[in-house]
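**Student:** Take this structure, written in structure tokens, and hold onto it; I'll ask about it next.
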Amino acid sequence: MDSHQRGRLTVRLTDTGDSFACHPEENVLCGMERLGYRGIPVGCRGGGCGVCKVQVLAGDYVVRKMSRACVSAAEEALGVVLACKLFPRSDLTLTVVGKMRKGLGCGAVAVDGQCRSG
């Protein structure tokens, strides 16, 4: 039985090498918070502030409504989404591109295309 059949999917962060379990009905931000990193910035949790921007490198997923001020249609076409609105449908591989980079110890925060934090 694979992880999808059990309802637990694995999300891997390329930035840190960490991975965590995430259920299909749970957004990826909730799973990331369970990693226990101090300083992970969490904004509105509603898809409107852009703090939790990530890029999906591999895997199947669905996203719920996000503010276009934070994620453009062009970015979304490249797999850039907000973790608070990202729901896995298979195991995922992500890289953090939003303001969470600093909280995860990933180095400098990317500035291009970022929304102000909420």
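The values are calculated or read from the model by the stated rules, or taken from the named source; none is laboratory data. This is a predicted model, so every value here is computed, not measured. Counting neighbours? That spans all protein chains shown, and the Cβs are built from the backbone with ideal geometry, glycine included.
**Student:** From the list GLU26, GLU75, which residue is surrounded by 13 or more Cβ atoms within 10 Å (Cβ to Cβ), assigned to a helix (DSSP H, G or I) and modelled with pLDDT of 90 or more? Spell out how you get there, then give the answer.
**Tutor:** Values: GLU26 fails: assigned to a helix (DSSP H, G or I).
Matching residue, one of GLU26, GLU75: GLU75.
**Student:** Does CYS84 fit the bill of being surrounded by 14 or more Cβ atoms within 10 Å (Cβ to Cβ) and not in a loop (DSSP other than H, G, I, E, B)?
**Tutor:** Working: surrounded by 14 or more Cβ atoms within 10 Å (Cβ to Cβ): yes; not in a loop (DSSP other than H, G, I, E, B): yes.
Criteria met by CYS84.
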